[in-house]
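Below: one structure, written as structure tokens.
Readers should treat all values here as calculations from the given coordinates under stated rules, not as data from a laboratory. The structure displayed is predicted, hence computed values, not measured ones. Cβ sites come from the backbone with ideal geometry, for glycine too, and all protein chains shown count toward neighbours.
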Amino acid sequence: MVEGFRVVDQACPILDEDGSQAGILRLLVFLEDLGAAKVARSEEAPKGEVAAPETAPVRRRNEAHQADAAKAAGLGATAATTASQKSLLESAFGLELWRQTEEDKFRAYLAEQEADLKARLEEEYRQREEARAAECTQRQAKIQHVEATVRRKLQELQQKELSIQSEEARVGSLQLKAQRDSEMAMAQREDVAKQEMSELSHSLELSRARSHFLEEQVAGMEAQLSAASTKLRSLEEAKSEHDTELRAMMAPSPELKEELQELRLRLREQEVRGEAIAASRDHFKHKVQELCGRLLGSGPAQNTQTQETALTALGVLGTSSAGDVTNSITEALRKVRQELANLASHWDRADPDQTREEPERPAAGPVRTSQDSEKAERHLAWLKTQRRQLLDSGVYGSSDAVVLALDVKIAQAEAQVT
């Protein structure tokens, strides 16, 4: 910026049809500031506007105007006017130099922009030409492919036409042959049909004669069948009468039916009783073996006697026959009950030291007492279990000696526990 002037620089882009930038239009404007001048104004100096020349003709015209004004003002103001003109000329010369410099810069900038735009346009043109050439090559290849396809299809059509012509010729020959064959077959079929018609007419006559003969035979057989059915009905009536008489003769009397029913009931009762006795025998055998095992500590003589009695009872139960099983079981039960009563009385009279597994030791302290109480509780529970099993078996009642002996032992065990 030079003193007294202003510069306006405006750049405007130029766009092409595609919307891309094609160039830049730059507007450079120089404005003069006509403010107060720093030099003193002379009264003789003409009043007028001072403008900076923008071109050489304007500058020369301004210089001539200033020279005419100086001559008209007179010789008195020559020095002041010369100094003022000198300063104005220096300012105008500097401004002209600056303008020329800016114009050169702008021309260089325009040349650079023009070269850049030219290069970009050439590059775009080259790319478009390459794309057009590639597209042209692609289209040519596509056209060549289409031409090859069309040629191939044309060859196929020609081959198909030739094959169709040959097939038409073959079909024509086959039609002629089929026509000849059909005519021959029709002639043969007519001959065969005539022959079959004659055979069928002959067989029809034979069938009619045979059917007439069969009708006569059927009439005779129907007469025989009616006679046989009449005889069969008479025989069935006689058979039904005979069956009625036979059922009346073989029907049992009511007394025999009642006796048979009574015998069946007795047999069923004997079977049920035998099953109950067998179950009681097994239960009793198991209990006797268990009691014998628990009585091993009651002494050799008593143990031997108990085992002999148990074995005798078991032997009686095992060797009894089916006829006297009831008597044998009753006798064995009586012997075992007596033996169990003897064992119960023996337990009551026996020394406590012989029936206990371990003697009591008062000096053992509270540990021994707790162990004895646990044993007594287990013994009491076992006695109660044995009593319940004996009652559940159905062989013993609450008034039997064995159950009473067990009640006594249970009472003694409860007294020991408490």
Label-point gap, in nm, between Q195 and T244 - each point 7 angstrom along Cα→Cβ: 7.2 nm
Note, ³J(HN,Hα) from phi for the stretch 179-195, Karplus 6.51, -1.76, 1.60, rounded to Hz, x at Gly and Pro: 5, 5, 4, 5, 5, 5, 5, 4, 5, 4, 5, 5, 4, 5, 5, 4, 5
Charge context of K118, other residues only, Cβ under 13 angstrom, K/R +1, D/E -1: -4
Overall Cα dimensions of the stretch 96-188 - principal axes, largest extent first, Å: 131, 15, 10
Environment charge at Q158 (Cβ cut-off 14 Å; Lys +1, Arg +1, Asp -1, Glu -1): +2
